[in-house]
Amino acid sequence: MDQRVAVVTGAGSGIGRTVALALLNDGYFVALAGRRQEPLQETASLARLGTSLIVPTDVTHPHSVDTLFATVKAQAGRLDVLFNNAGVGAPTTNFGDVTFEQWQSVVAVNLNGMFLCASAAYRAMRDQSPQGGRIINNGSISAHTPRPGSAAYTATKHAVTGLTKSISLDGRIHNIVASQIDIGNAATDMTTRMAQGVPQADGTIAVEPTMDVALVGSTVLSMANMSLDANVQFITLMASSMPFIGRG
């Protein structure tokens, strides 16, 4: 296949959709993965170029993830890029009130799902000829600094950083590189609450600025198009004036 081949998880909305469209419109063959078929079909319909493959996938189930990557191999023959993006949040909850069920639901997607998809992509890239590929994990500003009441989400995003480093190190012998993009306040359906105000470290509620989510798509595309002898190991992409740098 002449086209470069990518898998995007969580491709039915938000950042996943934006990145999938950036890759498609650059001519990629993109497997669109997500739990529901209809949003994936909508993502595919918005593309001007490229080739879409819709594969409904639950990243928390090993068999579902294996089916995704087996389908990509059967349809495209290889894998060049994984944008490992599927994730969930949880209601703001003080740590003392977080239930084990809430904890498990976030860990199942944000960490276990991230591992399952990265592991399947790694094996595909290791076993193909020529070897190699790029795994780009979606971290978060929360991989560096927590919001109040976000223990489960913050813990999983810190864990993604360790996963990224481990994949990057172990992948060297197979020409597999791993990167992480840490995104802050990209304007999607998930960040509409920013306009009404969100909890701050000092106990206040404040409106926070957002940035155009298209900037995430163009950034991931730039990372994906690098030759495998170079890597953006970590990149933080954020609304310039959001409360991240500084005290408060």
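The values are calculated or read from the model by the stated rules, or taken from the named source; none is laboratory data. What you are looking at is a predicted structure, and each value in this text was computed from that prediction instead of being measured. No Cβ is skipped: glycine too gets one built from the backbone with ideal geometry, and neighbour counts run over all protein chains shown.
Residues of region 21-79 that are over 16 Å from the mean Cα position of the chain (by Cα) and part of a strand (DSSP E or B): Phe29, Thr51, Ser52, Leu53, Ile54, Val55, Pro56. When each of Ala143, Ala206, Ala151 is tested for being aliphatic (A, V, I, L, M), in contact with a strand residue (DSSP E or B) (Cβ under 6 Å, 6 or more places away or on another chain), free of Cβ contacts under 8 Å to residues at least 60 places away in the same chain and more than 25 Å from Val30 (Cα to Cα), the lone residue that passes is Ala143.
From the list Val30, Val65, Val19, exactly one residue is modelled with pLDDT of 95 or more, closer than 18 Å to Ile136 by Cα and touching a Cys at 6+ places or on another chain (Cβ under 8 Å). Which is it?
On the way: Val30 fails: touching a Cys at 6+ places or on another chain (Cβ under 8 Å); Val19 fails: touching a Cys at 6+ places or on another chain (Cβ under 8 Å).
None of the other options fit; the residue is Val65.
Among the residues of region 116-137, the one identified as farther than 23 Å from Lys157 by Cα and in contact with a Phe, Trp or Tyr (Cβ under 6 Å, 6 or more places away or on another chain) is Ala124. Of everything in region 109-166 that is of a type in the set (Lys, Arg), modelled with pLDDT of 95 or more and out of contact with any helix residue (DSSP H, G or I) (no Cβ under 7 Å at 6 or more places or on another chain), the residue that is farthest from Asn185 (Cα to Cα) is Arg123. Of all the residues in region 16-40, those that are farther than 16 Å from Val59 by Cα, in contact with a strand residue (DSSP E or B) (Cβ under 6 Å, 6 or more places away or on another chain) and among the hydrophobic types (A, V, I, L, M, F, W, C) number 6.
The set of residues from region 1-58 being under 23 Å from Ser105 (Cβ atoms), surrounded by fewer than 20 Cβ atoms within 10 Å (Cβ to Cβ) and of a type in the set (Lys, Arg) comprises Arg35, Arg36. Annotation: Val98 fulfils all but one of (1) closer than 23 Å to Ala201 by Cα; (2) surrounded by fewer than 19 Cβ atoms within 10 Å (Cβ to Cβ); (3) modelled with pLDDT of 95 or more; (4) in contact with a Ser or Thr (Cβ under 9 Å, 6 or more places away or on another chain); the unmet one is (4). Name the single residue that is nearest to Gly14 (Cα to Cα) among those in region 41-57 being touching a residue at least 24 places away in the same chain (Cβ under 8 Å) and among the hydroxyl-bearing types (Ser, Thr, Tyr). Looking at residues that are touching a residue at least 24 places away in the same chain (Cβ under 8 Å) and among the hydroxyl-bearing types (Ser, Thr, Tyr), I get Thr43.
Taking region 162-214 as the range and being over 21 Å from Val88 (Cα atoms) and in a helix (DSSP H, G or I) as the test, the residues that pass are Lys165, Ser166, Ile167, Ser168, Leu169, Asp170, Gly171, Arg172, Ile173, His174. Determine the pairs where a residue that is more than 15 Å from Phe234 (Cα to Cα), located within region 165-177, has a partner that is among the β-branched types (Val, Ile, Thr) with Cβ atoms under 7 Å apart, the partner being 6 or more residues away or on another chain. Hits for this filter: Gly171/Val177; Ile176/Ile135. Taken over region 112-141, the residue count meeting the criterion of being in a helix (DSSP H, G or I) and over 29 Å from Ser241 (Cα atoms) is 16. Restricting the first member to region 92-103 and to residues that are touching a residue at least 60 places away in the same chain (Cβ under 8 Å), and the second to residues that are surrounded by 13 or more Cβ atoms within 10 Å (Cβ to Cβ) and of a type outside the set (Val, Ile, Thr), the beta-carbon pairs closer than 7 Å and six or more apart or on different chains are Thr92/Pro148; Thr92/Gly149; Thr92/Ser150; Thr92/Pro199. In region 83-92, the condition of being under 23 Å from Asn231 (Cα atoms), part of a strand (DSSP E or B) and within 12 Å of the chain's Cα centre (by Cα) is met by at least one residue. When the residues of region 196-230 are filtered to those that are surrounded by fewer than 16 Cβ atoms within 10 Å (Cβ to Cβ) and of a type in the set (S, T, N, Q), which remaining residue is farthest from Thr43 (Cα to Cα)? The extreme case among them is Thr204.
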